[in-house]
Amino acid sequence: RPRFTTVEWVAEHTMCYQVNVNGTCVTRRQDNNMINGTKLLNMTKISRGKRDGILKVEKDRMVIKAGIIDFRGVWITFKRAKQLASQYGLIDTLYPLL
C-alpha cells in the first residue's frame, strides 16, 4: 500500500510531498510542483537507458546531483509527470501525489 508523507527540503527551502511504493519514493515539490521524474520512471521497471533517454529530452527540467538520495534525479513539470504516469499505468498508485 502506498505511503504518503511530507518532508522539508531544507537546502531548497520548500516542503515536499512523497509517496513511497515498494521502496521507491516519488517526490513532488510544494513550491513549483515539479516531480522527480527519475524516481517516477524507476517505478515502471524500464531500462536505465530508456529512462535516461526520456528525461534527457525534457524541455523543462531541473537536475539535482547532490544531497538526499530521495531528491536526486531529474525533476520534471507536474503536467509531464502526470502524462508519464498515465502512459505507464501509475496514476492510481501515485494518486495522492498527482
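The values are calculated or read from the model by the stated rules, or taken from the named source; none is laboratory data. Only a predicted model underlies this, so the values are computations on that prediction, with no experimental measurement involved. Neighbour counts run over all protein chains shown; Cβ positions are idealised from the backbone, glycine included. Each accessible area value is taken on the protein alone, full model and side chains, heavy atoms only, with ligands, DNA and RNA left out. Shrake-Rupley method; radii C 1.70, N 1.55, O 1.52, S 1.80 Å.
Give, as residue ranges, the helices (runs of 4 or more DSSP H) completely inside the chain that count at least 1 residues that are loosely packed, with under 12 Cβ neighbours inside 10 Å. Working first, answer last.
On the way: elements: 37-42, 48-56, 78-87.
Answer list for the chain: 48-56, 78-87.
Answer yes or no: is there a residue in the stretch 77-86 that is hydroxyl-bearing (Ser, Thr, Tyr) and in contact with a helix residue (DSSP H, G or I) (Cβ under 7 Å, 6 or more places away or on another chain).
No; the residues of the stretch 77-86 include none that is hydroxyl-bearing (Ser, Thr, Tyr) and in contact with a helix residue (DSSP H, G or I) (Cβ under 7 Å, 6 or more places away or on another chain).
Cβ-Cβ below 7 Å, separation at least six or inter-chain, first residue in the stretch 45-60 and under 16 Å from Trp75 (Cα atoms), second open to solvent by 90 Å² or more (accessible area, probe 1.4 Å): which pairs?
Here the result reads Leu55/Arg61, each pair linking the stretch 45-60 to a residue that is open to solvent by 90 Å² or more (accessible area, probe 1.4 Å).
Got a number for residues in the stretch 24-44 being free of Cβ contacts under 8 Å to residues at least 40 places away in the same chain and either among the aliphatic types (A, V, I, L, M) or within 13 Å of Thr93 (Cα to Cα) (or both)?
Looking only at that region, the number is 1.
Got at least one residue in the stretch 16-31 being of a type in the set (Val, Ile, Thr) and touching a Phe, Trp or Tyr at 6+ places or on another chain (Cβ under 8 Å)?
Of the stretch 16-31, the ones of a type in the set (Val, Ile, Thr) are 19, 21, 24, 26-27.
Remaining after also requiring touching a Phe, Trp or Tyr at 6+ places or on another chain (Cβ under 8 Å): 19, 27.
Among the residues of the stretch 16-31, at least one is of a type in the set (Val, Ile, Thr) and touching a Phe, Trp or Tyr at 6+ places or on another chain (Cβ under 8 Å), which makes the answer yes.
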